[in-house]
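So the structure is just underneath, and the comments pick up after that.
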Amino acid sequence: MAVGNPLCLRAWSLTIQVKNQSADRNLYSSFGATLARDDEKNLWSMPHDVSHTEADDDRTLYNLIVIRNQQAKDSEEWQKLNYDIYTLRQIRREVRNRWKRILEDLGFQKEADSLLSVTKLSTISDSKNTRKAREMLLKLAEETNIFPTSWELSERYLFVVDRLIALDAAEEFFKIARQTYPKKPGVSCLADGQNEMHYLPFPSP
């Protein structure tokens, strides 16, 4: 699997329309009040990994949270880390919102949230579908812009694709994704004139 590029992810996030940013950041002042709220905020790529270290992007986000919580609240370093955490969470939310829009276009207006809900208890509906689900997820990553550039394939969406296969809706989902979020060949992960932004190296927890 491709390893997520933090520079590309940060650049990609800058295209997202952020609303009520200040109010939303207040949600992140405390970490993990409950498992449900923690998962809803972080949308872990590997929901079954309680250590949050298996996927590169999960590890990056988790380490940011750990390091931020070691800082004096509202200090300059705390605010910088808090913004990085907010940025990564917004990227994940935008990806989820893109999936939700397509599901709604398919007619799953009432079922979209439940189809996208993935927890530590989620299971694949049919083990025979696993290979097909992985192939479809890779196809979505390679042929559409539903994920940001260099996004690491996420186990979270493997479960969603499995559900779509069970509903015989996976191919139609792909067609709409390709139309709605077409891949633009030859486009750099950074927009013209945009400065690269760098992450600090983070130690493993």
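When residues of region 34-51 are filtered for being more than 12 Å from the chain's Cα centre (by Cα) and either assigned to a helix (DSSP H, G or I) or among the β-branched types (Val, Ile, Thr) (or both), how many remain?
6
Could you count how many residues in region 150-161 are surrounded by fewer than 20 Cβ atoms within 10 Å (Cβ to Cβ) and among the hydroxyl-bearing types (Ser, Thr, Tyr)?
The number of residues fulfilling the criteria is 1.
Pull up region 111-127, narrow it to residues that are at pLDDT 85 or above and among the acidic types (Asp, Glu), then point me to the one that is farthest from ILE165 (Cα to Cα).
ASP113
Select, from ILE146, ILE176, ILE165, the only residue that is out of contact with any Cys (no Cβ under 7 Å at 6 or more places or on another chain), aliphatic (A, V, I, L, M) and farther than 14 Å from ARG98 by Cβ. Show your work before the answer.
Values: ILE146 fails: farther than 14 Å from ARG98 by Cβ; ILE176 fails: farther than 14 Å from ARG98 by Cβ.
Result: ILE165 is the single residue among ILE146, ILE176, ILE165 that is out of contact with any Cys (no Cβ under 7 Å at 6 or more places or on another chain), aliphatic (A, V, I, L, M) and farther than 14 Å from ARG98 by Cβ.
Would you call ALA141 open to solvent by less than 50 Å² (accessible area, probe 1.4 Å), in contact with a helix residue (DSSP H, G or I) (Cβ under 6 Å, 6 or more places away or on another chain), at negative phi and modelled with pLDDT of 90 or more?
No, not satisfied.
I need the full set of residues from region 52-69 which are in contact (Cβ under 8 Å) with a residue 40 or more places away in the chain and outside any loop (DSSP other than H, G, I, E, B), in order please.
ASP56, ASP57, ARG59, THR60, TYR62, ASN63, LEU64, VAL66, ILE67
Can you tell me how many residues in region 50-62 are open to solvent by 10 Å² or more (accessible area, probe 1.4 Å) and over 17 Å from GLN90 (Cβ atoms)? So that I can check it myself, show each step before the final result.
We begin by selecting, within region 50-62, every residue open to solvent by 10 Å² or more (accessible area, probe 1.4 Å); these are 50-54, 56-57, 59-60, 62.
Those left that are additionally over 17 Å from GLN90 (Cβ atoms): 50-54, 56, 59.
Summing the residues that are open to solvent by 10 Å² or more (accessible area, probe 1.4 Å) and over 17 Å from GLN90 (Cβ atoms) in region 50-62 gives 7.
The values are calculated or read from the model by the stated rules, or taken from the named source; none is laboratory data. Just so it is clear, the structure is predicted and the values come from calculations on it, not from any experiment. Neighbour counts run over all protein chains shown; Cβ positions are idealised from the backbone, glycine included. Keep in mind that these areas ignore ligands, DNA and RNA; they rest on the heavy atoms of the full protein, side chains included. Shrake-Rupley method; radii C 1.70, N 1.55, O 1.52, S 1.80 Å.
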